[in-house]
Every structure is written in C-alpha cells, then in structure tokens.
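Below you'll find the structure, written out as structure tokens, and then a few comments.
The values are calculated or read from the model by the stated rules, or taken from the named source; none is laboratory data. Remember, predicted model here, so these are calculated numbers, not experimental data. Here the Cβ positions follow ideal geometry from the backbone for every residue, glycine too, while neighbour counts run over all protein chains shown. Accessible surface is based on the protein model in full, side chains and every heavy atom, while ligands, DNA and RNA are left aside. Shrake-Rupley method; radii C 1.70, N 1.55, O 1.52, S 1.80 Å.
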Amino acid sequence: MITTWWILQGGALAIGLAVGSFWNVAIARLPEGRSLWTPSACEACGHRVRPRDNVPVLSWLWLRGRCRDCGTPFSAVHPLGELLGGMLGLLVFRRFVPDPDAMHAAEIVTAAFAFALVADLVIASYVDIRHRIIPDETSSYAIPVAVAAAAILTAIGAPDPLVVSWKLSVLGAAAGGGFLGLVAWIANWLAGQEALGWGDVKLMGLLGAAFGPLPGAFAVLLLASLLGAAVGLVVTVVARRRVHLPFGPALALSGIVYVFWGLELASILVPGMSRGFTLP
Ligand SMILES: [Zn+2]
C-alpha cells in the first residue's frame with residue numbers, strides 16, 4: 001500500500017512536470033492564436049526541439065539553457081515553470097490523497113480534476129500578467145468541463161467537501177460570473193473606461209462552476225478582492241502613482257488557495273458557512 005502511494009506521488013510529480021512543460025507552450029502561444037499541438041521549435045533558428053531535449057528541467061540543465069543547434073539561450077522561465085508544475089502536481093495529489101488509506105479511485109480522480117483546474121488558473125494568470133488578456137480557452141470554454149467534472153465526481157462518490165453537484169456547479173457559474181459581470185458593468189460605466197475586463201468575469205464564472213456559489217465563489221471573490229486591494233495599495237505607494245493591475249491573477253491565486261484550504265478559508269471569511277448548502 002505504502003509503496004503504491006509513493007509510486008503514485010512519483011506519477012503526480014512526473015505529470016506535473018509534463019504539464020509545466022505544456023503550460024510554457026500555452027502561455028507563449030494562446031495569446032497569439034497559435035496551435036498548442038505543433039512541436040516546439042527554437043525561436044531563433046527554427047529547428048525543432050528533439051524529444052530527448054524535451055525532458056522537463058533536466059534538458060535545460062544538460063544543454064546549459066541553450067539551443068542544441070544554434071546556441072541561443074532559452075529563458076530560465078522554462079525550467080522554473082516546469083518545476084512549479086511538478087511541485088503543484090505533487091501538492092495537489094497530497095491534498096486529496098494525504099496517506100495510503102485515502103488511496104481510492106474517487107480521491108485520485110478528484111486530485112486529477114483539481115490539478116487540471118490549478119494548471120488552467122496558472123496559464124490564465126501568466127497570460128493575463130504578460131498580455132493583459134485571459135484566453136477564453138482557460139475561462140469560458142472550461143466552464144462546461146468544470147460542470148462535467150462536478151457530475152462525474154458526484155457520480156463516483158468523491159467524498160471531498162470541495163466537490164459540488166452539477167446543479168450547484170451551474171448555479172456557481174451563473175452566480176459568480178453574473179455578480180462580477182454586474183460589478184464590471186457598473187465599475188466601467190462609473191470609470192468611463194474598462195476598469196474590470198470581461199476576461200475576469202468569465203474566469204470568475206469558471207471558479208463558480210468549480211466550487212459552487214456558496215461558500216466557494218463568494219469566498220474566492222472576497223479573497224481576490226482583498227488580495228487585489230492589498231497588492232494595488234502597495235504597488236501604488238511604491239510607484240507613487242496609480243497603477244492598473246490585472247485582476248485575473250488575484251482571482252486565479254484565490255482559486256488555487258481555495259483548492260488547498262477552501263473550507264478553512266470559508267469558515268474564517270464566512271462564519272458558519274464551512275459546509276455551504278446543498279440542492280436536492
Ligand atoms: Zn536554435
């Protein structure tokens with residue numbers, strides 16, 4: 001049992017590293033509308049990256065961060081992104097399968113869906129920071145996937161309190177996206193310009209679909225607002241001028257925090273709401 005559990009942790013780490021390698025590609029290509037499925041090539045000389053040079057982290061170290069063909073340096077962001085993926089893969093697995101006794105199919109499938117969500121949120125916030133846009137592929141298009149995940153997880157009897165029914169998932173998407181949409185509409189009207197983007201609204205819809213309306217979407221939105229206000233204040237004071245920060249990363253980070261400590265967070269922010277409510 002214990003051996004299997006360690007093997008599964010190794011698997012989670014390996015999948016995380018591979019996903020880290022994939023999101024480097026997604027971050028670079030999604031904003032430009034390029035396909036995610038064509039093989040990677042060197043930006044400078046156009047040579048395809050050979051499979052043996054595409055091993056996460058190790059290839060970068062082995063090639064000392066350079067293209068094998070032309071010697072152009074590759075950014076250290078690549079191996080760091082892969083390491084982040086591996087670390088998150090392992091941590092998410094351990095969050096849902098903390099010991100060999102919890103090693104059931106339902107928990108493992110929950111961990112897989114949770115990691116898919118975390119990976120999606122990392123891509124959305126990276127792209128938002130670099131390009132000030134949240135791709136639909138990571139927000140609105142992912143909402144039906146989250147609803148389907150809720151249905152699958154409920155059907156296989158996933159015991160984690162984070163898992164909501166598909167009805168609550170649909171309600172969460174409507175409530176989360178609808179509420180932030182209303183806030184965006186009012187804020188943009190008052191400011192006379194785009195203060196809050198529709199990408200944020202769609203991402204909030206996804207978070208609502210993943211966690212349900214209460215306490216999920218509510219707790220995530222509250223945390224993201226506090227986080228956004230705190231970081232905004234610090235940056236404004238340091239830069240001595242008004243700086244417009246993207247809200248997507250605050251939403252994404254709050255979503256990731258909710259995956260790990262959702263119920264603790266909910267009971268702190270909303271006393272008495274740690275269990276949320278259920279629909280018939
Ligand atoms: Zn090259």
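Odds and ends about this structure:
- The residue pairs whose first member lies in the stretch 26-46 and is touching a residue at least 40 places away in the same chain (Cβ under 8 Å), whose second member is among the hydroxyl-bearing types (Ser, Thr, Tyr) and more than 16 Å from the ligand (Cβ to nearest atom), and whose beta carbons are closer than 6 Å, counting only pairs six or more residues apart or on different chains, are 27/126.
- Within the stretch 207-242, the set of residues being in a loop (DSSP other than H, G, I, E, B) and touching a Ser or Thr at 6+ places or on another chain (Cβ under 8 Å) comprises just one member, 242.
- Selection status of residue 159, within 24 Å of residue 212 (Cβ to Cβ) and assigned to a loop (DSSP other than H, G, I, E, B): yes
- Residue 92 modelled with pLDDT of 85 or more, more than 16 Å from the ligand (Cβ to nearest atom) and open to solvent by less than 60 Å² (accessible area, probe 1.4 Å): yes
- Failed item in (1) surrounded by 22 or more Cβ atoms within 10 Å (Cβ to Cβ); (2) under 26 Å from residue 162 (Cα atoms), with residue 105 passing the rest: (1)
- Contact map, the stretch 253-280: residues that are part of a helix (DSSP H, G or I) paired with residues that are at pLDDT below 75, Cβ distance under 6 Å, separation 6+ or inter-chain. Pairs shown: 263/274; 266/273; 266/274; 267/274.
- Residue in the stretch 122-129 that is in contact with a Pro (Cβ under 9 Å, 6 or more places away or on another chain), within 20 Å of residue 253 (Cβ to Cβ) and surrounded by fewer than 19 Cβ atoms within 10 Å (Cβ to Cβ) present: yes
- Residues satisfying the criterion are absent from the stretch 13-29 (criterion: more than 16 Å from the ligand (Cβ to nearest atom), in a loop (DSSP other than H, G, I, E, B) and within 17 Å of residue 124 (Cα to Cα)).
- On inspection, residue 74 qualifies as crowded, with 16+ Cβ neighbours inside 10 Å and within 16 Å of the ligand (Cβ to nearest atom).
- Which numbered condition residue 187 misses (of (1) over 18 Å from residue 248 (Cβ atoms); (2) out of contact with any Gly (no Cβ under 9 Å at 6 or more places or on another chain)): (1)
- Leading residue by the ranking (nearest to the ligand (Cβ to nearest atom)) among those in the stretch 51-60 that are without any contact (Cβ under 8 Å) to a residue 24 or more places away in the chain and open to solvent by less than 80 Å² (accessible area, probe 1.4 Å): 53
- Annotation: of all residues in the stretch 31-47 being outside any loop (DSSP other than H, G, I, E, B) and not small (Gly, Ala, Ser), the one that is surrounded by the fewest Cβ atoms within 10 Å (Cβ to Cβ) is 32.
- Any hit, the stretch 70-82, residues being free of Cβ contacts under 8 Å to residues at least 40 places away in the same chain and in a helix (DSSP H, G or I): yes
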